[in-house]
Amino acid sequence: MSVVVERSPIPNWLTERISNRHLVAIGIGWVTLFFVFPILFLVVESLNFGDGSLFEAYHRATGGVYVSAFVRSFIYGFVTTVLTLVFAYVLAYYLAFASKRVRLLLTLVVVPLWIAYIIRYFGLMLFFSPTGPLAQVTGLEIDLLFTSTAVVLGLTNAYLPFAVLPIYNSLNAIHHETINASRVLGAGQFRTIREVVLPLSMPGIIAAGVIVFILATGSFLGPAVLGGPNQSMIANEIARTFLEAYNIQLASALAVIYTVLLVAFIAAFNAVFNLQEALGNL
Amino acid sequence: MTDRNMVTRRTALATIGAGSLAGVAGCLGGSSSTLRFLGFGGNTQEAQMEIFERWADDSEYEIEGTSAGGTTEMISMIQQNPGEFDIVALNDTGMAQGQEEGVLEPIDLDEVSNYTDNIRDGAQELTFLVEDGETIGLIRENGATGYAYNTELVDRELTSWEDIKAEEFDGDVALLDRAVDRFSNCAVAIDADINDAADDEDLFEDVIAEAEAQNENCFSYWSDGATSIQYLRQENATVCEAWGGRVLALQEDGYDHIEYVMPEEGAMAWTDTLAIVDGTENRETVHELLNVTYERENLLDMSEMMNYTIQVEDPPEEMTDLPDYAPVEDLAFRDWSKILPLQDDWSERFQEVKQS
């Protein structure tokens, strides 16, 4: 009896020279260069080394319009995440279990990612404008633009593909025998979804939730194009503080606070859901 | 402002400029027979390039135009690419900021005699064009920020800032998203001068009250002229604070039901300016180019292409018929030595107004 050993796609000379430590070092180096260093740079920029308090910018950043912008960003981020997960789950479920044209539909899910966000947001704006196609065809004038609803719907539309793909991946990994076993043992369709499919697809839901929440909370273009004066999010405030007020110290402080809040939120989420375990199963 | 703040701002401007470097590098040849112009883009840039090309056709030089999204980006591009730009077009805010950042160099007016001959004396002496007795900027076009409205949706004539506060326009008004410009127009609306409000707390609070009153009907604030026109075209806005030249261009596109209003209380003036970039290797040629630009015929052509006023002596009827035409003597300009230090606080106060 002969045994066929598959050849590694990586050349021998490379596998001999690169150890796990090297791979870890590349990852840590990447994060250090593109995340830790920029954040440290921002921390230094945010401190006041002149007259007055060292944390003057932080004092200002934790009051007035900035608190509203932080709160608004996290609320919009949360609502967008919930809505996106609902829509994405339905779509991914259809793709995984019911569709006969999976490749075509997956392509349609991915295609919007090739189009710049700003064009997609402007597309929505044109669509819902009083002279847009919706009003022209139906005669209805929907008073949607420049509201919180418009911003959340815009963000949901923009980030839907980021949720569909991981959820579809985890649903697709569920063995049909498991579902059949549930049905054979007497569970109805909804009970099977609730007690078998949903728990097994949880890694995809968690991954999608984290990705969408991070992207939505830090959105700049969504509120800038689809929102009004009361829909300004923290990214818009950071841009304004820098581009209009030329206050780099305050803009840096806002960015640092936002990053700390986001990392704290992910850490709290991790404590509840154990991201490593959930994403490891993806 | 502390030295520390200055260093910080420069560092950050430099960071943005670095991001623009790759794009600029692709556009710029670096040849000494090429003059590099940095402007705002849009039809003012096209008009300017048309005039520059006339000169270039008869010279051994080529002109390359680059555009940037705003004054901060323009100044950071200049800082990050020393010697890569020769001429820049900045607005009055940009001139004040450019002086502070030291990116402009004095202009020898003896070499630009067409400027001194053809531009009104009053326009040459505006505070943001002169630094320590030396001219650092040449006024190009100017205008005022009034507003436009859709006459198909409004059955009466609008003539004042008071009119846009009417209840019938609830949620139908769009305004300009720049604190200093917005407050300037609100000051004019209450018959005050924004320069006085800069050092009069009570007067400034009156300006804020007017800004809050105008904000009540506002559904959105726009930060670039194209968006204001888009709001009017798509009927998102019934009334929209706007620039006269943009509205005129819209009317020429067939939207003649959009009417531009120079409010009876007046409106704050703005200017665009040409300046020489510090460190240019083509200083002599740039002066020659500027001199040609300020030939009367070229100035009138530019005014016609831009739809804005250029402060020439004896303006023709086509120019005086422009919606926001006014001789420089009738215009109020901002004193940036007072306003620039307050810009940060005003920007934050403006955010509070918008969310009130």
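The values are calculated or read from the model by the stated rules, or taken from the named source; none is laboratory data. The shown structure was predicted, so the numbers you read here are calculated from the model rather than taken from an experiment. Virtual Cβ from ideal backbone geometry, glycine too; neighbours counted across all protein chains shown. Heavy atoms of the whole protein, side chains included, go into the accessibility calculation; ligands, DNA and RNA do not. Shrake-Rupley method; radii C 1.70, N 1.55, O 1.52, S 1.80 Å.
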*Of (1) under 19 Å from the mean Cα position of the chain (by Cα); (2) of a type outside the set (D, E, K, R); (3) under 17 Å from residue B:185 (Cα atoms), residue B:328 satisfies all except one. Which?*
(3)
_Restricting to the stretch B:84-103, name every residue that is over 14 Å from residue B:40 (Cα atoms) and either free of Cβ contacts under 8 Å to residues at least 60 places away in the same chain or open to solvent by 20 Å² or more (accessible area, probe 1.4 Å) (or both)._
B:84, B:99, B:100, B:102
*asked:* For residue B:338, only one of the following conditions fails: (1) in contact with a Gly (Cβ under 9 Å, 6 or more places away or on another chain); (2) open to solvent by 10 Å² or more (accessible area, probe 1.4 Å); (3) closer than 18 Å to residue B:99 by Cα. What is its number?
replied: (1)
*asked:* Checking the condition loosely packed, with under 14 Cβ neighbours inside 10 Å, hydrophobic (A, V, I, L, M, F, W, C), part of a helix (DSSP H, G or I) and away from every other protein chain (no Cβ under 14 Å), which residue from A:79, A:111 passes?
replied: A:111
*Looking only at the stretch B:191-209, decide whether some residue is touching a Phe, Trp or Tyr at 6+ places or on another chain (Cβ under 8 Å) and within 12 Å of chain A (Cβ to nearest Cβ).*
no
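Just to verify a result, which residue in the stretch A:218-238, among those that are more than 10 Å from chain B (Cβ to nearest Cβ) and assigned to a helix (DSSP H, G or I), is farthest from the chain's Cα centre (by Cα)? Break it down stepwise before answering.
Restricting attention to the stretch A:218-238, the residues satisfying the condition of being more than 10 Å from chain B (Cβ to nearest Cβ) are A:218-223, A:233-235, A:238.
Adding the requirement that they be assigned to a helix (DSSP H, G or I) leaves A:221-223, A:234-235, A:238.
Values: A:221: 14, A:222: 13, A:223: 16, A:234: 16, A:235: 15, A:238: 20 Å.
The selected residue is A:238.
Per-residue answers, yes or no, for (1) open to solvent by 40 Å² or more (accessible area, probe 1.4 Å); (2) on the phi > 0 side of the Ramachandran plot; (3) out of contact with any Ser or Thr (no Cβ under 6 Å at 6 or more places or on another chain):
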residue	(1), (2), (3)
A:28	yes, no, yes
A:34	yes, no, yes
A:51	yes, no, yes
A:59	yes, no, yes
A:62	yes, no, yes
A:65	no, no, yes
A:75	yes, no, yes
A:84	no, no, no
A:88	no, no, yes
*Scan the stretch B:155-170 residue by residue and report those that are at pLDDT 95 or above and under 20 Å from residue B:236 (Cα atoms).*
B:156, B:157, B:158, B:161, B:163, B:164, B:165, B:166, B:167, B:168, B:169, B:170
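Given A:242, A:265, which one is outside any loop (DSSP other than H, G, I, E, B), of a type in the set (Phe, Trp, Tyr) and at the interface with chain B (Cβ under 8 Å from one of its Cβ atoms)? Show your work before the answer.
Values: A:265 fails: at the interface with chain B (Cβ under 8 Å from one of its Cβ atoms).
Answer to the selection: A:242.
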_Pair list, Cβ < 8 Å and 6+ apart or interchain, from the stretch B:182-194 residues that are acidic (Asp, Glu) to residues that are assigned to a helix (DSSP H, G or I)_ = B:193/B:187
_Inter-residue pairs, beta-carbon under 8 Å, first within 11 Å of another protein chain (Cβ to nearest Cβ) and in the stretch A:41-60, second assigned to a loop (DSSP other than H, G, I, E, B) and among the β-branched types (Val, Ile, Thr), 6+ apart_ = A:50/B:2; A:51/B:2
*Specify which of the listed residues (A:174, A:193) is part of a loop (DSSP other than H, G, I, E, B), over 27 Å from residue A:264 (Cβ atoms) and either modelled with pLDDT of 95 or more or more than 10 Å from chain B (Cβ to nearest Cβ) (or both).*
A:174
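So that you can scan it fast, the table gives a plain yes or no per residue for (1) assigned to a helix (DSSP H, G or I); (2) open to solvent by 10 Å² or more (accessible area, probe 1.4 Å):
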{"residue": "B:237", "(1), (2)": "no, no"}
{"residue": "B:241", "(1), (2)": "no, no"}
{"residue": "B:247", "(1), (2)": "yes, no"}
{"residue": "B:251", "(1), (2)": "yes, yes"}
{"residue": "B:255", "(1), (2)": "no, yes"}
{"residue": "B:289", "(1), (2)": "yes, no"}
